[in-house]
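Trainee: Okay, here's the structure, questions in a sec.
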Amino acid sequence: MARFLTARLLHSALVIVGVSFLVFALVHLGGDPAVVLMPLEATPEEVEAFRVDNGFDKPFLVQFEHFAVKAVHGDFGTSLRHQRPAMEVVLEALPATARLGGLALLMSVLFAVPLGVLAAVKRGTWIDSLTNVLGLLGQSVPTFWLGLVLMMLFGVHWRLLPVSGAGGLKHLIMPGITLAAYSGALIMRLLRSSMLEVLTKDFLRTARSKGLPERTVLYKHALRNAAIPVVTIIALRIGPMLGGALITEEVFAYPGMGRLAMNAISNRDVPVIQAFVFVIGIAIVLSNLIVDLAYVALDPRIRYS
Amino acid sequence: MFRKLIRNAGALLSLIVLMTVVLAGLFAPLVSPHNPTDQQAARRLMPPAWAEHGSQEYPLGTDQLGRDILSRMIYGARISLLVGVAAVLVSGVVGVALGLISGYYGRWLDSLIMRLADIQLGVPTLILALAVVAVLGPGLRNVILVLGLTGWVTYGRLVRGEVLSIRQSEYVTSARALGSTDGHIIWRHVLPNIMPSIIVVATFEFARMIINEASLSFLGLGVTPPTPTWGGMIADGRTYIYNAWWVSTMPGIAIVLTVLAANVFGDWVRDVLDPQLRR
Amino acid sequence: MKTRRGLQFVALVLAMILLAACSKTATPKSSGKPKVLTVGYGAEPGNMLPYGSGGEASVRANMFDSLVRRDRDLKLAPSLATSWETSQDGKTWTFHLRKNVKFHNGEPFNAQAVKWTFDTQTMGKTSVVKTQFTDVTEVKVVDDYTVQFVTKNQFPLLLNYLSSSFFAMPPKYYQEVGGDPGFDKKPIGTGPFKFVEWVKNERIVMEANPDYFLGRPKLDKVIFRPIPETATRLAELLSGGVDVIMQVPPEHVGTIKNSPNARVEMRNSVRVVFIGLRTDQKPFDDVRVRRAVNLAINKDELMKSVLAGQGYLTPGPLSPLVWGYDSSIKGYGYDVQQAKQLLADAGYPDGFSVTLETPVGRYLKDKEVSEWVAGELAKIGIKVTVKTFEWGQYLEKYRNHKYDTMYVLGWGGTAYDADFVFSNLFESSNFRSYYKVAEVDKKIAEARNLVDANKRLALYKELQEKIVSDAPWIFLYGQIDAWGLANRVNWSPGLTEYAWLWDADVK
């Protein structure tokens, strides 16, 4: 196990370097920061001066080396747009994002797991049909549509919830539901499908024949065996929920990292993009590590050689 | 099988819906009531026929430039279905293959493929898309490329997780002991077991790809206006949702119906093909 | 047993969420003492440095003052300077400063502060406005309340640029807080409102400056909230969450008008939207073709339908809000027959194929306008492919002189002077111009350095006539900005396109 973890940490570091390099290269291919950041009426000389001042005239690899050397020391450079340390800009947005993403993940799991199990057990009944419809809506209703409709109903019509912005728990409910809808639907349908598989297996019959109560059979034995795909998907949704909740954040004017990243990308604010990618990279690497460990907990036969 | 299909009304209905959508798209010039790009100021934002001020002439209403929404949806089916199916196929085939290799063979292959997946997840789609536009230029092929590239990870990780567990199951170990080849084991024992999960994810991705095509087209990557797509219509109608809901809702309903039909039909096919689940 | 506890936990969490949702929901807008006004706008500034890139005028204007300011009708009015005069040769401008003005931290405002701000900030390394002042050779302190701006030649635009791009900053404070980083955390100006806090991407809060030189603002507090989605801004206005929303799109105007608690106010913007033509290559090298495309577009219908009234006709390259606009200029009407005839005369009886490049979401309904224009040109046989671009990639084409054949651009600015349009868009040495006419170049250069207003006006009249006749653009329209205001707001926006809230009040 220790060897697995050591190797894994090493590989994770390589992943972060890989992502940084790739993103650096892709941004470089996608356009020049000076072109975007200078005002429309700027002269070509001013644009060129900006380029030279910020080192954008240097060859790509030299720029990357310059960035990497500083990044190793924790310095991601100064945001071109905000004129502040890029990492500070990103970390400021992290708590709000973690709150919304965490709540949405919690909501989707709390909603999806009981319904997914129920749908499989009561296959073919009205409960199954109901979850089918919910899942369908969750997967195919555009995020902004759901967000704006919720907002019109709860925010404007009934005035139960604040329309947008951040503040208390109240501000999180509508964006939370909006963000959770897709993941919740996916987890629910996936769980139903893998539960259906598991329910036909022999070991459940064995468990039942031992006289275990049905609930124990379902939740302890069956769910445990059906959980692997669900756990995989939950972990996969962590990255998008932190960094890719752009539409939800825009619709609800929520001060999260998705909006920040979007602004940074539109402005070709390379330092902020890199700091963002670093933070998200760590979240992805960690969540996938945790999943790999969770697999072993769910199915002790799994070994990583 | 055909008789079974008739017996199952839901499956039959869903097949009809799917066929209608596909055929309408294929024969769009023949079946659409209007030219999808014919704009006219006088009939902007007309509501659907059944609503007040609606007109039979434009059954589902008109959009912000006065174009017939039904006709645009019929034409839009072409690109949207193509993008949805192609992107799901590309990402699905790549992802399932890599996931199988990763999970079944393990060791350094597993590490390599999964860390590549981590890198892929870490790169924001928007950045990838902008680079593709800048380097490869616009085009439908590149849209599918970007969607496929960003989509494979979900299948890859999902398949690999399940294979890790199945690999150690009794029937696989006994098959191995009996001297079955890896290919045989994967084909006969592993793949059928993970198929249900793959199908669930594929239908989810299908809907998402159709919607996401529009955001890539906004970047100049894909389809140029005024060519209609469902995703593009939904996105264009976004700001009209409070005063002309039909502009973005109608193509949204088209996606819901298509996905519903695909789900029901997919379930039915699986039930027929997978004898385990039949009771 | 375990699962029951699980279910209980679920129920508990749901109950908590519901409780939190329902408690305090009916809190009415406190009718108590503090008068707070909340503004919803599209995007917040990148930083609080008045000379940095990405500054947002509404936030800046309420905290900082210039020597001269634009009033609500765009007339130049005294601000930190109470009066000014020009020397005989037109190269020295003397400003008499307002006395007893203090920065928000108590530091006195005087001639030294003006000189310091100009030398180190306006012309500083990171300033994005410094090219506007390249004609200024020196700022002289005459006495505590008199400064002189010396220019290398006659520079008629000095007041224009001072009003839009000079913001007095406190020299002592700036040095005490360690320059830009410290100043960005707590900016200090002389303006009607003082900085309180900035929660990034969520709100910027300011409070009234009781010592403001025009008198204390009526409001106690102002909050600026960035709300990128227009539909959300609308929902906030309708629900009473914000009091003023900016950049209302045409489709929301009716909804606000129908609401019992809000109203709409329209203001002409100086931004002119046009379609540039590559006059240096086929087919637009032929003036007949350029005139034909101008005649082929029914602009009235375009403004009525796509823009739903949020556009006004601009016959030539200038908005009437710009100094130098000549009202006698006749533009192109709508005449498909004549357009077809011109195309045939030019040797394109069956039209041709071109691309029209457009940003998405940069200008009001830009993509729809492009689609519309493509549809109109199709009627005279020109096949137009519309290509949309992300703004950054569009700028790449803009700055590198790489537009294909036709491109959508909007031009506004805060100079409000014809020179800002002609120098930037029609002078052949400029990278933006695909149009190269020696006679035009000469007139633009001549008008730029003339203080004599009448001579300048005459030159600009000739220039407008020539440009309209040569038609290097498809002249379209000027934008009209719509503002949504809650009825409790006692204020109306000026023509300046930003929200200066000194005179605003709420019920």
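The values are calculated or read from the model by the stated rules, or taken from the named source; none is laboratory data. Note that this is a predicted model, so its numbers are computed, not measured. As a convention, Cβ positions derive from the backbone with ideal geometry for all residues, glycine included, and neighbour counts pool all protein chains shown. SASA here: full protein model, heavy atoms, side chains in, ligands and nucleic acids out. Shrake-Rupley method; radii C 1.70, N 1.55, O 1.52, S 1.80 Å.
Trainee: In the range C:332-339, is there at least one residue being more than 14 Å from chain A (Cβ to nearest Cβ), in contact with an Asp or Glu (Cβ under 6 Å, 6 or more places away or on another chain) and without any contact (Cβ under 8 Å) to a residue 60 or more places away in the chain?
Mentor: Among the residues of the range C:332-339, not one is more than 14 Å from chain A (Cβ to nearest Cβ), in contact with an Asp or Glu (Cβ under 6 Å, 6 or more places away or on another chain) and without any contact (Cβ under 8 Å) to a residue 60 or more places away in the chain, which makes the answer no.
Trainee: Separate question: Is it the case, given these coordinates, that A:Thr216 is under 28 Å from A:Asn288 (Cα atoms) and in a helix (DSSP H, G or I)?
Mentor: No; evaluated as a whole, the condition is false for this residue.
Trainee: Within the range C:303-315, can you find the residues that are under 20 Å from the mean Cα position of the chain (by Cα) and under 17 Å from C:Val421 (Cβ atoms)?
Mentor: C:Tyr312, C:Leu313, C:Thr314
Trainee: Can you tell me which residues in the range A:82-92 are buried (at least 24 other Cβ atoms within 10 Å of the Cβ) and facing another protein chain (nearest Cβ under 10 Å)?
Mentor: Those that are buried (at least 24 other Cβ atoms within 10 Å of the Cβ) and facing another protein chain (nearest Cβ under 10 Å): A:His82, A:Val89.
Trainee: Let me ask something else about it. If B:Tyr171 meets every condition in (1) in a helix (DSSP H, G or I); (2) within 9 Å of chain A (Cβ to nearest Cβ); (3) among the hydroxyl-bearing types (Ser, Thr, Tyr) apart from one, which number is that one?
Mentor: Every listed condition holds for B:Tyr171 apart from (2).
Trainee: On to the next question. Are any residues in the range C:96-155 part of a loop (DSSP other than H, G, I, E, B), more than 28 Å from A:Leu80 (Cβ to Cβ) and open to solvent by 70 Å² or more (accessible area, probe 1.4 Å), and if so, which ones?
Mentor: Correct list: C:Lys99, C:Asn100, C:Asp144, C:Lys152.
Trainee: Across the range C:352-363, which residue is modelled with the lowest pLDDT among those that are open to solvent by 20 Å² or more (accessible area, probe 1.4 Å) and in a loop (DSSP other than H, G, I, E, B)?
Mentor: It comes out as C:Gly361.
Trainee: Within the range C:209-216, identify whether any single residue is in contact with a Pro (Cβ under 6 Å, 6 or more places away or on another chain) and open to solvent by 20 Å² or more (accessible area, probe 1.4 Å), and answer yes or no.
Mentor: Looking through the range C:209-216, at least one residue is in contact with a Pro (Cβ under 6 Å, 6 or more places away or on another chain) and open to solvent by 20 Å² or more (accessible area, probe 1.4 Å).
Trainee: Have a look at C:Leu321, C:Leu302 and point out the one that is away from chain B (no Cβ under 14 Å) and either touching a strand residue (DSSP E or B) at 6+ places or on another chain (Cβ under 7 Å) or buried (at least 19 other Cβ atoms within 10 Å of the Cβ) (or both).
Mentor: Going through C:Leu321, C:Leu302 in turn, the sole match is C:Leu321.
Trainee: Can you tell me which residue within the range C:392-408, out of those that are more than 9 Å from chain A (Cβ to nearest Cβ) and crowded, with 22+ Cβ neighbours inside 10 Å, is nearest to the chain's Cα centre (by Cα)?
Mentor: So the residue we want is C:Val408.
Trainee: Between a first residue in the range B:196-212 that is at the interface with chain A (Cβ under 9 Å from one of its Cβ atoms) and buried (at least 24 other Cβ atoms within 10 Å of the Cβ) and a second residue that is part of a helix (DSSP H, G or I) and among the aromatic types (Phe, Trp, Tyr), which pairs have beta carbons less than 6 Å apart while being 6 or more apart in sequence or on different chains?
Mentor: B:Ile210/B:Trp230
Trainee: Considering only the range B:240-252, I want to know if a residue exists there that is in contact with a strand residue (DSSP E or B) (Cβ under 7 Å, 6 or more places away or on another chain), without any contact (Cβ under 8 Å) to a residue 60 or more places away in the chain and aromatic (Phe, Trp, Tyr).
Mentor: Looking through the range B:240-252, none of the residues is in contact with a strand residue (DSSP E or B) (Cβ under 7 Å, 6 or more places away or on another chain), without any contact (Cβ under 8 Å) to a residue 60 or more places away in the chain and aromatic (Phe, Trp, Tyr).
Trainee: Something else about it: Give me the pairs, please: first residue somewhere in the range C:403-424 and more than 25 Å from C:Ala458 (Cα to Cα), second residue anywhere and assigned to a strand (DSSP E or B) and polar (S, T, N, Q), beta-carbon distance under 8 Å, and either six or more positions apart or on two chains.
Mentor: From the range C:403-424, the pairs are C:Asp404/C:Thr355; C:Thr405/C:Thr355; C:Met406/C:Thr355; C:Tyr407/C:Thr358; C:Val408/C:Thr358; C:Gly410/C:Gln479.
One line per residue, one yes/no per condition, for (1) at the interface with chain A (Cβ under 10 Å from one of its Cβ atoms); (2) of a type in the set (Phe, Trp, Tyr); (3) more than 30 Å from C:Trp391 (Cβ to Cβ):
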| residue | (1), (2), (3) |
| --- | --- |
| B:Ile79 | no, no, no |
| B:Ser91 | no, no, no |
| B:Leu98 | no, no, yes |
| B:Ile101 | no, no, yes |
| B:Gly106 | yes, no, yes |
| B:Asp118 | yes, no, yes |
| B:Leu128 | yes, no, no |
| B:Asn142 | no, no, no |
| B:Tyr155 | no, yes, yes |
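Trainee: For the range C:230-245, give me each residue that is more than 7 Å from every other protein chain (Cβ to nearest Cβ) and either open to solvent by 10 Å² or more (accessible area, probe 1.4 Å) or out of contact with any Asp or Glu (no Cβ under 9 Å at 6 or more places or on another chain) (or both). Please lay out each step first, then the result.
Mentor: Keep residues of the range C:230-245 that are more than 7 Å from every other protein chain (Cβ to nearest Cβ), which gives C:233, C:237, C:240, C:242-245.
Listed by number, the residues that qualify are C:Arg233, C:Gly240, C:Asp243, C:Val244.
Trainee: Can you find, within the range C:265-292, the residue that is surrounded by the most Cβ atoms within 10 Å (Cβ to Cβ) among those that are over 26 Å from C:Gly413 (Cβ atoms) and among the β-branched types (Val, Ile, Thr)?
Mentor: The residue in question is C:Val289.
Trainee: Scan the range B:183-214 for residues that are over 15 Å from the mean Cα position of the chain (by Cα) and polar (S, T, N, Q) and jot them down.
Mentor: Here is the first cut: in the range B:183-214, the residues over 15 Å from the mean Cα position of the chain (by Cα) are B:183-197.
Matches in the range B:183-214: B:Asn193, B:Ser197.
Trainee: While we're here: When both residues are 6+ apart or on different chains and their Cβ atoms are under 9 Å apart, which pairs have a first residue that lies in the range A:58-85 and is on the phi > 0 side of the Ramachandran plot, and a second that is of a type in the set (Gly, Ala, Ser)?
Mentor: Going by the 9 Å Cβ cut-off, the qualifying pairs are A:Gly77/A:Ala71; A:Gly77/A:Ala86; A:Gly77/A:Ala275; A:Gln83/C:Gly46; A:Gln83/C:Gly52; A:Gln83/C:Ser53.
Trainee: Let me ask you something else. Just to be sure, is C:Ala499 closer than 16 Å to C:Phe155 by Cα, within 21 Å of the chain's Cα centre (by Cα) and touching a residue at least 24 places away in the same chain (Cβ under 8 Å)?
Mentor: no
Trainee: Among the residues of the range C:217-250, how many are without any contact (Cβ under 8 Å) to a residue 60 or more places away in the chain and of a type in the set (Gly, Ala, Ser)?
Mentor: Of the residues in the range C:217-250, 3 are without any contact (Cβ under 8 Å) to a residue 60 or more places away in the chain and of a type in the set (Gly, Ala, Ser).
Trainee: Just to be sure I understand, how many residues within the range B:39-77 are among the charged types (D, E, K, R) and open to solvent by 30 Å² or more (accessible area, probe 1.4 Å)?
Mentor: Result for the range B:39-77: 3.
Trainee: Somewhere in the range B:146-155, is a residue part of a helix (DSSP H, G or I), at pLDDT 90 or above and over 20 Å from B:Gly99 (Cβ atoms)?
Mentor: Yes, the range B:146-155 contains at least one residue that is part of a helix (DSSP H, G or I), at pLDDT 90 or above and over 20 Å from B:Gly99 (Cβ atoms).
Trainee: Would you check if C:Gly413 is closer than 20 Å to C:Pro317 by Cβ, surrounded by 17 or more Cβ atoms within 10 Å (Cβ to Cβ), within 21 Å of the chain's Cα centre (by Cα) and not aliphatic (A, V, I, L, M)?
Mentor: So C:Gly413 fits the description; yes.
Trainee: Just one of (1) at pLDDT 90 or above; (2) open to solvent by 30 Å² or more (accessible area, probe 1.4 Å) trips up A:Gly124, so point out which.
Mentor: (1)
Residue-wise test of (1) within 14 Å of chain B (Cβ to nearest Cβ); (2) open to solvent by 80 Å² or more (accessible area, probe 1.4 Å).
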{"position": "A:Arg8", "(1), (2)": "yes, no"}
{"position": "A:Leu14", "(1), (2)": "yes, yes"}
{"position": "A:Gly30", "(1), (2)": "yes, no"}
{"position": "A:Glu41", "(1), (2)": "no, no"}
{"position": "A:Gly55", "(1), (2)": "no, no"}
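Trainee: Can you pull out every residue in the range A:128-149 that is open to solvent by less than 30 Å² (accessible area, probe 1.4 Å) and more than 20 Å from B:Pro251 (Cβ to Cβ)?
Mentor: Hits for the range A:128-149 are A:Asp128, A:Thr131, A:Gly135.
Trainee: For the range B:61-78, does any single residue satisfy the condition of being under 22 Å from B:Ile199 (Cα atoms) and part of a helix (DSSP H, G or I)?
Mentor: yes
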